[in-house]
Every structure is written in C-alpha cells, then in structure tokens.
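One structure below.
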Ligand code: AQP
C-alpha cells in the first residue's frame, strides 16, 4: 500500500491556502487510498522568532482543524512532530549528507532569511537546516508520496536528492519519495497582493482567508480582493493574477476547471460574489466540526497520544537502520 506523509507548521492560523493546497486532499483522497500520516510539525515553527505559548496554542488548534477537516484517526495517523524523537535523530544524520550550498539555495530560506534581516532580527541556524528536518519527517516513515502545495515542492526535491545520495553511499535504506499536488489551487495567492502566496505567517490580514474566519469576514475579504486593470474575466496568471486567483479558488471549491469558468462571468463583481459564497459554504462544515471538537479537548489529546505511539513504532526501525548504515554503533 502506498505510504503518504505530510505536515503543517504551527506558525499562524491556518488559511484557505493550506486547506485547498493540502488539507482537503489529505482528508478526501489520501487517507482513503493509502497508509497516511499527518503531522503538526512544531519543531519547524522554532526556526523563526516565536512566542512559545503561541506555538503551543497553534499546535493544538492545528491538530483540531486537521480533525475538523475530515481526517479520521481510524483511517490515518495524526500526531505532533516533537512527540516523536526520531525526526530530530534522523535530521542530524541527513545534515551529514546534505551540503551547505544546497541548503542555501532553497527559495524559502532565501525569502525568510531576507525577511528576518529586514525586520532587524538575526537568522536562526535552524532556518537554514530546516529542509534536513523536513526530509527526516518524510524519510523516517518510508513515505512514497508527499502531498503538498507548490511552495513545498523544492523541499521535497531536496528530500529525494538526500535519500538517493544516502542510498548510493551507504546502501539502500530510504524510499525515494515524490511530491503530489492538487490539480487546481496548488498555490493560492494573497487577495491583496495576488503575486504573493497566501501565507499564514504574513502580516497582511485582509489578503488572507483564515479557516476560522466568520462568514461575513470571508465575504468582506473576497469582495475587497484586488483585481486587475481591465474588466473582462480572463484566466491568465501573468496578466490577470487577481482574477485568476479568484477563478482558481472558485474552481477548487466547485471541483470545476478555472479556465472554463472564466467564460461564465462578465464582471468581477459577480465572480467575487460567487467565490465568497462558495468559500463560506466550503468552510462551514469545517468550522462546525471545529467547534464541536473544541468542546472535547480530551478527545484531541487522545488522538495525538495514540498517533505519536503509532508513528514512533513506524519510524524507529527506519531511523535505526539509517544509523547503522551510516556507521554508528548500535546501543548494546
Ligand atoms: N497559499 C497556498 N496555496 C496552496 N498551498 C499552500 N500551502 C501553504 N500555503 C499555501 C500548503 O499547506 C501545507 C502546509 O504548509 P506549511 O505549514 O508547511 O507552511 P508553508 O508551506 O511554509 O506555508 P505557509 O502556510 O505560508 O506558512 P508560513 O507562512 O509559516 O511559511 C503545505 O503543503 C503547503 O504547500
């Protein structure tokens, strides 16, 4: 059976981008057709300036939202990365396989380190080594597939390179995984700046739809989305990024084709209105389930405890094998 791993960082409130680019597929497709593990990757949230209490709060909220989005602990494993030591153990070994140059080439490192410097902060070493930890997350479970949005594809490519290099130098140890992406909305853009990704740790609130936004807030954000000069509804990322982003969002909600959808609209206003209503309807059941789960925090804790135990059992033999292969003496 295909094995799938993916994760989400507790660096901000989860967004429509996280949902359409990743979470929805995990719940609707991946957990049903594969042996799937989904993780709140909290160690990754420590790579930038952070508030410890906020990371803890967002980790719990993220786990609750994963369950609210339809992940079923009877079908898949849901857990928190820091509850399973094997991620950190394997990350160090992969740092010994990776090079400084390939880490520095990562687009996310370049963007985030530039942002930290602009804010007058210093860049944490862990931001540079982040892709080794992400590779460990995936390789520890022998995952065949990693369902992610477009922004994470480069990290999965690096994971493939590290796995292949390790196998070649130290003997076959790791499955070489591949990234999978949704057909539409693999990169949901910020509503106020449709040339930038809708990112949960950005400061631009009005451009980001959060999964727990009230319906009227969702409507307001979408109705005020920045559109392009011209008035006809055309699907073209280069020349019409704002309208194209709305078409992608609406098509993802409806399960239709964004380019075909463009022919059905004569005005930006009508497109915005339908998109707003479609997103409100998409989020409604998630928000309702989230509310019910918040009333039962013991249930979420129990899911995470059982998930971590199952994940540990899967990761330990794989990480032990990597330790042996690279030359470490097994504990007696
Ligand atoms: N805008 C997006 N469109 C499509 N997919 C997206 N994802 C994130 N933003 C979009 C996908 O969501 C999954 C979890 O993301 P993550 O927690 O690993 O964070 P990220 O990829 O670095 O994106 P964020 O949400 O913008 O976080 P910050 O701001 O902390 O960097 C991934 O599969 C991702 O592709």
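The values are calculated or read from the model by the stated rules, or taken from the named source; none is laboratory data. These numbers come from a predicted model, not from an experiment. Note that each Cβ is placed from the backbone with ideal geometry, even for glycine, and that neighbours are counted across all protein chains shown.
The criterion of at least 3 residues that are within 11 Å of the ligand (Cβ to nearest atom) is met by the following helices (runs of 4 or more DSSP H) wholly inside the stretch 169-277: 241-254. The condition (being farther than 15 Å from residue 137 by Cα and at pLDDT below 95) is satisfied by just one residue among 102, 111: 111. Condition check for residue 227 on (1) without any contact (Cβ under 8 Å) to a residue 24 or more places away in the chain; (2) in contact with a helix residue (DSSP H, G or I) (Cβ under 8 Å, 6 or more places away or on another chain): one failure, at (1). Please determine whether any residue of the stretch 97-105 is within 30 Å of residue 185 (Cα to Cα) and touching a residue at least 60 places away in the same chain (Cβ under 8 Å). Within the stretch 97-105 (the criterion being within 30 Å of residue 185 (Cα to Cα) and touching a residue at least 60 places away in the same chain (Cβ under 8 Å)), the answer is no, since none of the residues qualifies.
Could we say that residue 53 is closer than 30 Å to residue 114 by Cβ, near the ligand (Cβ under 8 Å from one of its atoms) and modelled with pLDDT of 95 or more here? Spelling it out, it is not the case that residue 53 is closer than 30 Å to residue 114 by Cβ, near the ligand (Cβ under 8 Å from one of its atoms) and modelled with pLDDT of 95 or more.
Among the criteria (1) surrounded by fewer than 17 Cβ atoms within 10 Å (Cβ to Cβ); (2) within 16 Å of the ligand (Cβ to nearest atom); (3) over 22 Å from residue 301 (Cβ atoms), the one residue 102 does not fulfil is (2). Is it the case that some residue within the stretch 296-317 is more than 25 Å from residue 36 (Cα to Cα), assigned to a loop (DSSP other than H, G, I, E, B) and modelled with pLDDT under 95? No: the stretch 296-317 contains no residue that is more than 25 Å from residue 36 (Cα to Cα), assigned to a loop (DSSP other than H, G, I, E, B) and modelled with pLDDT under 95.
Within the stretch 10-37, restricting attention to residues that are within 10 Å of the chain's Cα centre (by Cα) and closer than 20 Å to residue 177 by Cα, the residue that is nearest to the ligand (Cβ to nearest atom) is 21. Of the residues making up the stretch 284-296, those that are within 19 Å of residue 58 (Cβ to Cβ) and touching a residue at least 12 places away in the same chain (Cβ under 8 Å) are 286, 287, 289, 290, 293, 294. Go through the stretch 68-90 and give me each residue that's within 16 Å of the ligand (Cβ to nearest atom) and in a helix (DSSP H, G or I). Matches in the stretch 68-90: 68, 81, 82, 87.
Scanning the stretch 243-261 for residues being touching a strand residue (DSSP E or B) at 6+ places or on another chain (Cβ under 9 Å) and surrounded by fewer than 21 Cβ atoms within 10 Å (Cβ to Cβ) gives a total of 0. Enumerate the pairs (first residue in the stretch 180-202 and free of Cβ contacts under 8 Å to residues at least 12 places away in the same chain; second residue anywhere and assigned to a strand (DSSP E or B)) with beta-carbon separation below 7 Å, excluding pairs fewer than 6 apart on the same chain, so at least 6 apart or on different chains. Taking only residues 6 or more apart or on different chains, the pairs are 196/189.
Whether any residue in the stretch 251-266 is without any contact (Cβ under 8 Å) to a residue 12 or more places away in the chain and within 25 Å of residue 212 (Cα to Cα) is what I want to check. Yes, there is a match, as at least one residue in the stretch 251-266 is without any contact (Cβ under 8 Å) to a residue 12 or more places away in the chain and within 25 Å of residue 212 (Cα to Cα). I'd like to check something: does the stretch 153-165 contain any residue that is touching a strand residue (DSSP E or B) at 6+ places or on another chain (Cβ under 7 Å), surrounded by 19 or more Cβ atoms within 10 Å (Cβ to Cβ) and in a loop (DSSP other than H, G, I, E, B)? Scanning the stretch 153-165, I find no residue that is touching a strand residue (DSSP E or B) at 6+ places or on another chain (Cβ under 7 Å), surrounded by 19 or more Cβ atoms within 10 Å (Cβ to Cβ) and in a loop (DSSP other than H, G, I, E, B), so the answer is no.
Just a yes or no: is a residue in the stretch 116-139 within 14 Å of the ligand (Cβ to nearest atom), surrounded by fewer than 21 Cβ atoms within 10 Å (Cβ to Cβ), more than 19 Å from the chain's Cα centre (by Cα) and modelled with pLDDT of 95 or more? Within the stretch 116-139, one or more residues are within 14 Å of the ligand (Cβ to nearest atom), surrounded by fewer than 21 Cβ atoms within 10 Å (Cβ to Cβ), more than 19 Å from the chain's Cα centre (by Cα) and modelled with pLDDT of 95 or more.
For the stretch 58-111, the set of residues classified as over 25 Å from residue 304 (Cβ atoms) and in contact with a strand residue (DSSP E or B) (Cβ under 6 Å, 6 or more places away or on another chain) is empty.
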